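The values are calculated or read from the model by the stated rules, or taken from the named source; none is laboratory data. Bear in mind the structure is a predicted one, so any value in this text is a computation, not a measurement. Neighbour counts are summed over all protein chains in view; Cβ atoms, including those assigned to glycine, are modelled from backbone coordinates with ideal geometry. Note: accessible area is taken over every heavy atom of the protein model, side chains too, but ligands, DNA and RNA are not part of it. Shrake-Rupley method; radii C 1.70, N 1.55, O 1.52, S 1.80 Å.
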Amino acid sequence: AQGWIKKLEPDCWAETPLCTGGNAPKGEYVCLYDGEGKIGFNPIKRVVDEKPGRIVFETEGKGFFLKVAETSPEKPIRNIRVLLPGFEASYREQPFHPVLFKRWAGFNTFRFMDWMETNGSKIAAWEDRPTPERYTWTERGIPLEVMADLCNRLKVNPWFCMPHLATDDFVKKFAEMTKAKLDPSLKVHLEYSNEVWNGMFEQARYAQKKAVELGIGPKERPWEGGCQYYAQRSLEIFAIWEEVFGGKDRLV
């Protein structure tokens, strides 16, 4: 249900690249997982220790691939966590790297447009949202719980972009979870999607299509109707947030 692989066909495996954005820290990485099966890494320097649920391996300071070579259909491998050297004891209490904290401390607002995979988002219903238990956060975006946690720790305001397909129910539940989890001293910046005027994005084409369906704007200039729909939907979304938060004091 969270996207983890339940079974593998004969002579098949699943793999993903990790730490490929440049130099990766050297040292002993720890891979933790639930379930039964076999996980491997390549290229690495050596496997230091391996037992069910925990693998310690040393890298050359470069990116590598994680490979699920076998998985039990009855107890499939899931909840895979690959931890940078030195963070096994602390990752639960502090999931963010100290370098990230140092780099971004002192900012006023974090715009989470890319973290939310806003452009071309397929998310519509609340059930579609990314959750902390999801097998990857690069498919649907970073969970709201994680974004709120980061803002709370650094005392930085969040800027959320509501998916262009989001239902009123999604917007309401997103607002409710934000109110419940975000530090009350922080303000919430709100935006309906991203660059809905920009024809290269799916959300712009969607807005023009909705405008035609609703009879908004001149038919010969659909981009104008799209912009008018964008304004209308933005106001509808803002109204939902105002209702949940009891006013505009914490909303931008």
Can you go through Gly106, Gly63, Gly86, Gly53 and tell me which one is closer than 26 Å to Glu139 by Cβ and either at pLDDT 95 or above or open to solvent by 60 Å² or more (accessible area, probe 1.4 Å) (or both)? Gly53
Exactly one of (1) within 29 Å of Trp4 (Cα to Cα); (2) at pLDDT below 95 is unmet by Pro163. Its number? (2)
In the range 136-162, how many are surrounded by 15 or more Cβ atoms within 10 Å (Cβ to Cβ) and either in a loop (DSSP other than H, G, I, E, B) or in contact (Cβ under 8 Å) with a residue 40 or more places away in the chain (or both)? 17
Kindly list, by first and then second residue, each pair from a residue in the range 176-200 that is in contact (Cβ under 8 Å) with a residue 60 or more places away in the chain and assigned to a loop (DSSP other than H, G, I, E, B) to a residue that is aliphatic (A, V, I, L, M) and open to solvent by 80 Å² or more (accessible area, probe 1.4 Å), limited to pairs with Cβ atoms under 9 Å and residues at least 6 apart or on different chains. Lys187/Val252
